[in-house]
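Derivation of every value follows stated rules applied to the coordinates shown; laboratory data play no part. What you see is a predicted model; the values in this text were computed from it and never measured. Cβ sites come from the backbone with ideal geometry, for glycine too, and all protein chains shown count toward neighbours.
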């Protein structure tokens, strides 16, 4: 009788514990980015409470600058890198990085975080400034090989982002923290611009796919003008142009983004949660521009307007996309679980407390900062805890990625 070797079912035969953290860009960068957000905000709140924190270079030289820099060029930059390294593979069908190259990029980012904390200043500036160009040229190689001209714009955007980071370090070390802060504003503006451009591509599509029969509208004038107006209004503010120019551009951008949300019928979206959070994050866009216009005219503080973009738009978009893309690219259902919903609620609550709180009760300013920071720490700690194992393990469906 012929002997036939037993072959176990594929789901059992596949080694479930195989390390997959370096399979694709989103895996390491979403994990370290979320963990770093929770850590950096914890350090910031401790410093505000007067707890002595050991550190050198930026942490010692300019604690406020360290907080702002690390949330933009540490946290946000890591998520942008992870998202683009993953998205470009989907757009081109080509692998963006090898395991070794991805490990090198991750270690470069981690080394920058340590050096910006501890110093010395010059090595910290050089290592930190090298990360985004490395990501940009990694993407450029793939885009050129695939002939994907539509997304070439990402490379100059990332290089501009990198140049602002380098300028921040130079200005800080030359003793110009005010100008360095302007570089940070401009850098955050680039991330807001990316949210505007990529959000316009995916939010209507995701909505139509998730809700049968749901119809969205796009008007050519709105779509044509949204990105230029967003860029002009934000950079007019970063460059400290006259208040009349900033307010006019900001209020016009506010109207354009409100019109876009009306076309998307965001007011009709009630769920699912993984979709709703995208609309909530984007809704902070016109709020941010309205507050920016008011701040230029002296009615609200600039900090409130800034946090509408950084906490509301960027924070909301990040928690929305790192849950959605992590689920999709690990082969899990695109349905938010309890921990995802808790993260969405905490980021949204934290943003609301940070932005609305100082407007309605400025006398309790410190309380609003503490409560908002606690919400954000909890949100990203929950994400890191919930997704650590899925990001380290192979896809549940056995596909590459």
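General remarks:
- Relative to the longest principal axis of the Cα atoms of the chain, the long axis of helix 338-360 lies at roughly 0 degrees.
- Separation of segment 234-274 from segment 195-210 is 16 Å, based on Cα centroids.
- 0 to 90° range, to nearest 10: angle between helix 77-92 axis and the chain longest Cα axis: 50
- Of the peptides 253-266, 186-199, the ranking by mean beta-carbon count within 10 Å, highest at the top, reads 186-199, 253-266.
- Rounded to the nearest 10 degrees, the angle from helix 26-48 to the longest Cα principal axis of the chain is 40 degrees.
- Residue 227-residue 214 pseudo-label distance in nm [points 7 Å out on the Cα-to-Cβ vector]: 2.4
- Cα-derived Rg over Rh, computed across the chain with Rh taken as Kirkwood radius: 0.98
- Normalised by 2.2 N^0.38 Å, with N the number of residues, the alpha-carbon radius of gyration of segment 23-175 equals 1.08.
- Peptides 308-314, 268-274 ranked from most to least packed by the mean count of surrounding Cβ atoms within 10 Å: 308-314, 268-274.
- Distance between segment 51-100 and segment 132-147 - C-alpha centres, whole angstrom: 18
- Only helices enter the 222 nm calculation for the chain: every DSSP H run of n ≥ 4 contributes -39,500 (n - 2.57), and dividing by all residues gives -24500 deg cm²/dmol, rounded to 500.
- Using equal-weight Cα scatterers in the Debye expression, the normalised intensity of segment 178-332 in log10 at q = 0.09, 0.11, 0.13 Å⁻¹ is -0.29, -0.42, -0.58.
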